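Encoded as structure tokens, the structure appears first; notes follow it.
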Amino acid sequence: MNSPLAVEWTNRSLRNAQNIRDYLASKFSSKEIHDFEDLLRHFEDIVSIFPKIYPASTKYPTLRRAVLHKLTSVGGNPFQRSVKHEN
């Protein structure tokens, strides 16, 4: 098995994640923030080992889309030496 790839987040993705985190902090307890961060870490762990595990887009075949939660999805391009994600 190949070694895990590095997961690179775009600036847009980082801003979106921070906005979600800020929203959770303003409306919910720290448990929900922790759960959200765990969800992202788990996603990174999976996609770094299996970058093509999520289905390819029919419109943009080089992109893949992962649904992390019913209201949260991530798109990315696994065909690079590292995995870059936008959400």
message: Take S26 and tell me if it is among the polar types (S, T, N, Q), more than 20 Å from A6 (Cα to Cα) and modelled with pLDDT of 95 or more.
response: yes
- prompt: Which of the residues spanning the stretch 12-62 are surrounded by 13 or more Cβ atoms within 10 Å (Cβ to Cβ) and not in a helix (DSSP H, G or I)?
  reply: F50, P51, Y54, A56
- line: Taking the stretch 1-36 and keeping residues free of Cβ contacts under 8 Å to residues at least 60 places away in the same chain, of a type in the set (G, A, S) and over 19 Å from K52 (Cβ atoms) leaves A25, S26, S29, S30
field: Residue list for the stretch 46-66, restricted to those being touching a residue at least 24 places away in the same chain (Cβ under 8 Å) and either on the phi > 0 side of the Ramachandran plot or among the charged types (D, E, K, R) (or both)
entry: K52
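The values are calculated or read from the model by the stated rules, or taken from the named source; none is laboratory data. What you see is a predicted model, and the numbers here were worked out from it, not measured in a lab. Note that each Cβ is placed from the backbone with ideal geometry, even for glycine, and that neighbours are counted across all protein chains shown.
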